[in-house]
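Peer 1: Sharing a structure with you now.
The values are calculated or read from the model by the stated rules, or taken from the named source; none is laboratory data. Note that the structure is predicted; figures quoted are calculated from it, not measured. Here the Cβ positions follow ideal geometry from the backbone for every residue, glycine too, while neighbour counts run over all protein chains shown.
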Amino acid sequence: MEIRIERTTTPKAKPTGALGFGKIFTDHMFEMDYNPEQGWHDPRITPYHDLVLSPACVVFHYAQEMFEGMKAYKDAEGKVRLFRPMKNIERLNATNERMCIPKIDPMDALQAIKETVLTDADWIPTEPGTSLYIRPFIIATDVGLGVHPSKNYKFCIILAPSGSYYAGGLAPVKIVVEDEYVRAVKGGTGFAKVGGNYAASLIGQQKAEKMGYAQVLWLDGIEHKYIDEVGAMNVFFVIDGKVITPQLEGNILPGVTRDSTIQYLRGKGYEVEERRISIQEVYDAAKDGTLNEMFGTGTAAVISPVGELNWDGNKVIINNNEIGAISQMLYDDITGIQYGKKEDPFGWSMVL
Ligand code: COI
């Protein structure tokens, strides 16, 4: 694929000070369009710009869209690295299939990500804990209000130099269990990376924030009994030395950091169970003192220890609200691989 590059003539000043997450965008972006005659065509890197779209576009009304999240890192030698990009591209196409969006050739998607990142490589921050967050997304651009899959689409990639997702970095977060609203059910779009899942979660997130909690722990949509995931991350529990995470049943996101955590821990000899885990089991473990740790995993959140869980007013403090040993090891080793600082036994880090 030949990508046309139009460089900006008015580069922006690079940020100084705290970056936050997803607040600042680089000088360039990637764009490519789809129509049934030409397929995906006209790949281009252009100066970062607003999109001009008809107010009748399908994406605005019926949410036919998808997105991905990944990161680029600069190592000590100044080389640019991605972490398991083909896993994100595989998930991008799985989401596309669910959303009736035409698939993108995986090698074209990789090339688009690489070239866009390299065009703005001087925007990759190097302070500890920072990276260049990559947000690929696709929107349906047909004009009209009939409910049908669109015939035309736009694929974009934007880049945001970012710090940690939570303001407190690796400090344990407080999570509240949501047992009124649900995020997704089996057969729906829970496993896909679509804005609609996050839109459905906002009411719970708003409730949580009002109560002073960082995020919501979602329970299954049928019995409100089994744990699904947290707002922006998959979730793990360490009970009596055993690591447990909800199994992929179609309603939770198959996270790349989730998969890496499972493989990494199994490689280290830990017993990791992917199975249904009820909120009652977690509370029972907390009561009998066997709930050693709880943490979330995600591209944005990396490894995020949970220090407090609130289920209908019943609060449990986990590991004295301190970072657990497994959470700390995972954070150090996975980020070590991502930044090219540690041995990479799985070959996850890709140097561009
Ligand atoms: C990511 O971890 O990349 C995500 O997409 C979560 C996001 C909704 C902040």
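Peer 1: Tally time: how many residues in region 168-182 are in contact (Cβ under 8 Å) with a residue 40 or more places away in the chain and within 16 Å of residue 301 (Cβ to Cβ)? Don't jump to the end; show me each part of the working.
Peer 2: Step one: filter region 168-182 for residues in contact (Cβ under 8 Å) with a residue 40 or more places away in the chain, giving 169-179, 182.
With the extra rule that they be within 16 Å of residue 301 (Cβ to Cβ), the set shrinks to 169-175.
Total meeting the criteria: 7.
Peer 1: So which residues in region 336-352 are part of a helix (DSSP H, G or I) and in contact (Cβ under 8 Å) with a residue 40 or more places away in the chain? Explain how you work it out, then say what you get.
Peer 2: Taking region 336-352 and keeping what is part of a helix (DSSP H, G or I), we get 336-338.
Within region 336-352, 337, 338 meet the criteria.
Peer 1: Then there's this: Restricting the search to region 71-95, which residues are within 22 Å of residue 42 (Cα to Cα) and away from the ligand (no atom under 16 Å from the Cβ)?
Peer 2: 93
Peer 1: When you go through 267, 298, 255, 250 one by one, which is the residue that is touching a residue at least 40 places away in the same chain (Cβ under 8 Å), more than 15 Å from the ligand (Cβ to nearest atom), out of contact with any Cys (no Cβ under 8 Å at 6 or more places or on another chain) and within 25 Å of residue 346 (Cβ to Cβ)? Spell out the reasoning first.
Peer 2: Numbers: 298 fails: more than 15 Å from the ligand (Cβ to nearest atom); 255 fails: more than 15 Å from the ligand (Cβ to nearest atom); 250 fails: within 25 Å of residue 346 (Cβ to Cβ).
So the residue among 267, 298, 255, 250 that is touching a residue at least 40 places away in the same chain (Cβ under 8 Å), more than 15 Å from the ligand (Cβ to nearest atom), out of contact with any Cys (no Cβ under 8 Å at 6 or more places or on another chain) and within 25 Å of residue 346 (Cβ to Cβ) is 267.
Peer 1: When you check residue 132 against the structure, is it in contact (Cβ under 8 Å) with a residue 24 or more places away in the chain and surrounded by 20 or more Cβ atoms within 10 Å (Cβ to Cβ), yes or no?
Peer 2: Working: in contact (Cβ under 8 Å) with a residue 24 or more places away in the chain: yes; surrounded by 20 or more Cβ atoms within 10 Å (Cβ to Cβ): yes.
Taking the combined requirement at face value, the residue satisfies it.
Peer 1: Another question, then. Hey, among the residues in region 230-244 that are modelled with pLDDT of 95 or more and within 16 Å of the ligand (Cβ to nearest atom), which one's farthest from residue 308 (Cα to Cα)?
Peer 2: The extreme case among them is 234.
Peer 1: Within region 6-29, restricting attention to residues that are of a type outside the set (Ser, Thr, Tyr), under 12 Å from residue 120 (Cα atoms) and touching a residue at least 60 places away in the same chain (Cβ under 8 Å), which residue is nearest to the ligand (Cβ to nearest atom)? First the steps, then the outcome.
Peer 2: If we filter region 6-29 for residues that are of a type outside the set (Ser, Thr, Tyr), which is where we start, we get 6-7, 11-15, 17-25, 27-29.
Pick out the ones that are also under 12 Å from residue 120 (Cα atoms) and you get 7, 11-12, 14, 25, 27-29.
From the residues that got through so far, the ones that are touching a residue at least 60 places away in the same chain (Cβ under 8 Å) too are 7, 14, 25, 27-29.
Working: 7: 27, 14: 23, 25: 15, 27: 22, 28: 20, 29: 17 Å.
Only one residue tops the list, namely 25.
Table: residues versus (1) more than 30 Å from residue 76 (Cβ to Cβ); (2) within 16 Å of the ligand (Cβ to nearest atom).
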position: 286; (1), (2): yes, no
position: 304; (1), (2): no, yes
position: 310; (1), (2): yes, no
position: 319; (1), (2): yes, no
position: 323; (1), (2): no, no
position: 335; (1), (2): no, yes
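Peer 1: While we're looking at this one, here's another question. Would you confirm whether any residue within region 272-280 is under 29 Å from residue 343 (Cβ atoms), modelled with pLDDT of 95 or more and within 16 Å of the ligand (Cβ to nearest atom)? Show your work before the answer.
Peer 2: First, the residues of region 272-280 that are under 29 Å from residue 343 (Cβ atoms): 272-274.
Remaining after also requiring modelled with pLDDT of 95 or more: 272-274.
Next, only the ones that are within 16 Å of the ligand (Cβ to nearest atom) stay: none.
No, region 272-280 has no match at all.
Matching residues to (1) modelled with pLDDT under 95; (2) of a type in the set (Phe, Trp, Tyr); (3) more than 21 Å from the chain's Cα centre (by Cα):
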{"residue": "292", "(1), (2), (3)": "no, no, yes"}
{"residue": "296", "(1), (2), (3)": "no, no, no"}
{"residue": "303", "(1), (2), (3)": "yes, no, no"}
{"residue": "308", "(1), (2), (3)": "no, no, yes"}
{"residue": "312", "(1), (2), (3)": "yes, no, yes"}
{"residue": "317", "(1), (2), (3)": "no, no, yes"}
{"residue": "338", "(1), (2), (3)": "no, no, no"}
{"residue": "348", "(1), (2), (3)": "no, yes, no"}
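Peer 1: Let me ask something else about it. Taking the criterion of being part of a loop (DSSP other than H, G, I, E, B) and acidic (Asp, Glu), would at least one residue in region 289-311 satisfy it? Please lay out each step first, then the result.
Peer 2: Here is the first cut: in region 289-311, the ones part of a loop (DSSP other than H, G, I, E, B) are 289-290, 299-301.
Next, from what is left, pick out any that are acidic (Asp, Glu): none.
No - not one qualifying residue is present in region 289-311.
Peer 1: OK, next. Looking only at residues in region 78-101 that are outside any helix (DSSP H, G or I) and free of Cβ contacts under 8 Å to residues at least 60 places away in the same chain, which one is surrounded by the fewest Cβ atoms within 10 Å (Cβ to Cβ)? Don't jump to the end; show me each part of the working.
Peer 2: The initial filter retains those residues of region 78-101 that are outside any helix (DSSP H, G or I), namely 78-84, 99-101.
Next cut, free of Cβ contacts under 8 Å to residues at least 60 places away in the same chain only: 78, 100-101.
Details: 78: 9, 100: 11, 101: 23.
Among those residues, the one meeting the criterion is 78.
Peer 1: Could I ask something else about it? Any idea how many residues of region 19-43 are in a strand (DSSP E or B), out of contact with any helix residue (DSSP H, G or I) (no Cβ under 8 Å at 6 or more places or on another chain) and within 17 Å of residue 135 (Cα to Cα)? Spell out how you get there, then give the answer.
Peer 2: Start the filter on region 19-43 by keeping residues that are in a strand (DSSP E or B), which leaves 28-35, 39-43.
Still in the running and out of contact with any helix residue (DSSP H, G or I) (no Cβ under 8 Å at 6 or more places or on another chain): 31, 33-35, 39, 41-42.
Subsequent filtering for residues that are within 17 Å of residue 135 (Cα to Cα) retains 31, 33.
Of the residues in region 19-43, 2 are in a strand (DSSP E or B), out of contact with any helix residue (DSSP H, G or I) (no Cβ under 8 Å at 6 or more places or on another chain) and within 17 Å of residue 135 (Cα to Cα).
Peer 1: Looking at region 56-70, which of the residues that are away from the ligand (no atom under 15 Å from the Cβ) and either in contact with a His (Cβ under 9 Å, 6 or more places away or on another chain) or among the aromatic types (Phe, Trp, Tyr) (or both) is nearest to residue 135 (Cα to Cα)?
Peer 2: 60
Peer 1: What about residue 239, is it in the same structural domain as residue 19 (by TED's automatic domain parsing) and either of a type in the set (Phe, Trp, Tyr) or within 23 Å of residue 302 (Cα to Cα) (or both)?
Peer 2: Numbers: in the same structural domain as residue 19 (by TED's automatic domain parsing): no; either of a type in the set (Phe, Trp, Tyr) or within 23 Å of residue 302 (Cα to Cα) (or both): yes.
The answer is no for residue 239.
Peer 1: If you don't mind, there's one more thing I want to ask. Any residue at all in region 271-283 that is surrounded by 21 or more Cβ atoms within 10 Å (Cβ to Cβ) and of a type in the set (D, E, K, R)?
Peer 2: There is no residue in region 271-283 that is surrounded by 21 or more Cβ atoms within 10 Å (Cβ to Cβ) and of a type in the set (D, E, K, R).
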